[in-house]
Amino acid sequence: ALPGEPALAYNTVLTTLRILEQKGYVRHTKPREGRAFVYRAVVGRKQVSRNAVRHLIRRFFANSPELLVLNLLDDGDLSQQELRNIRNLLAEGEK
């Protein structure tokens, strides 16, 4: 049998947290006791998601949200319910 997913290496996690801190997504504090830092999110999930989508659009879709949406629709993996939800959101945006 194959082993389960390997645990993340300490250095990998630390590097990721440092990068996130440099970008302003997290901050750390040092408790009075112990050696470990405590990291806390500075930016909310919604803002991070929005920033990630903007980056994705800039990097892969020539800064065009339309190209992103067309790519998603062309992919064919959307369910009928997802397509209905998209149509409803578009209709609300036109109002």
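Below, the figures for the structure above:
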quantity: Residue within the range 27-37 that is closer than 30 Å to Leu72 by Cα, aliphatic (A, V, I, L, M), free of Cβ contacts under 8 Å to residues at least 60 places away in the same chain and surrounded by fewer than 11 Cβ atoms within 10 Å (Cβ to Cβ) present; calculated: no
quantity: Counted residues, the range 46-62 - those being closer than 23 Å to Lys23 by Cβ and not in a helix (DSSP H, G or I); calculated: 1
quantity: Selected residue (criterion: most open to solvent (accessible area, probe 1.4 Å)) from residues of the range 63-86 that are outside any helix (DSSP H, G or I) and closer than 19 Å to Ala52 by Cβ; calculated: Asn63
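Quick grid of which residues meet (1) assigned to a loop (DSSP other than H, G, I, E, B); (2) among the hydrophobic types (A, V, I, L, M, F, W, C):
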residue	(1), (2)
Pro3	yes, no
Val13	no, yes
Gly24	yes, no
His28	no, no
Arg40	no, no
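The values are calculated or read from the model by the stated rules, or taken from the named source; none is laboratory data. Everything numeric in this text was worked out from a predicted model, so none of it was measured. Every residue, glycine among them, receives a Cβ derived from its backbone with ideal geometry; neighbour counts consider all protein chains shown. Note: areas computed on protein heavy atoms with side chains; ligands, DNA, RNA excluded. Shrake-Rupley method; radii C 1.70, N 1.55, O 1.52, S 1.80 Å.
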